[in-house]
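Below is one structure; the comments refer to it alone.
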């Protein structure tokens with residue numbers, strides 16, 4: 001039982017970091033079957049703001065602005081910001097990832 005609980009926590013953290021995924025992506029990442037991930041997501045939706053979307057552009061998503069825990073910069077993000085301070089050309093993709101991770105959620109309405 002502890003294996004499922006730990007995996008579900010890791011699935012939440014993965015979704016928190018990546019914001020969206022597919023069942024197949026999660027199954028491959030965690031080395032389990034798609035059916036196992038379907039069950040995990042069904043359990044997680046009871047207490048976490050997770051939604052599933054069908055179709056070609058579908059998958060599993062978490063609500064804008066929701067994170068498992070406090071957000072910290074990844075090493076490459078921290079390095080990119082330090083490079084900006086030091087006048088060194090930063091990696092644009094890393095800067096974009098910082099903006100995505102820390103941007104204020106847009107309010108729909």
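Read-outs: derived from the displayed coordinates by stated rules, not from any lab. Values in this document were obtained by computation on a predicted structure and should not be read as measured data. No Cβ is skipped: glycine too gets one built from the backbone with ideal geometry, and neighbour counts run over all protein chains shown.
Worth a mention:
- Taking 7 Å steps out from each Cα toward its Cβ at residue 24 and residue 75 produces label points 3.1 nm apart.
- When the P(r) is computed for segment 2-62, the part past 13 Å accounts for 57% of the Cα-Cα pairs.
- Pairwise FRET efficiency - residue 4 versus residue 103, Cβ, R0 = 25 Å, nearest 0.05: 0.15
- Segment residue 47-residue 95, extension gain: residue separation times 0.36 nm, minus the distance between their alpha carbons: 14.1 nm
- On Cα atoms only, tilt of 92-102 relative to the major axis of the chain in degrees: 60
- Each 5 Å bin from 0 upward holds the following percent of the Cα-Cα pairs of segment 6-108: 2, 11, 20, 20, 16, 13, 10, 5, 3, 1.
- Helix 2-18 vs. the chain, principal-axis angle (Cα, 0 to 90°, nearest 10): 40
- Between the helical axis of 75-85 and the longest alpha-carbon principal axis of the chain there is an angle of about 20 degrees.
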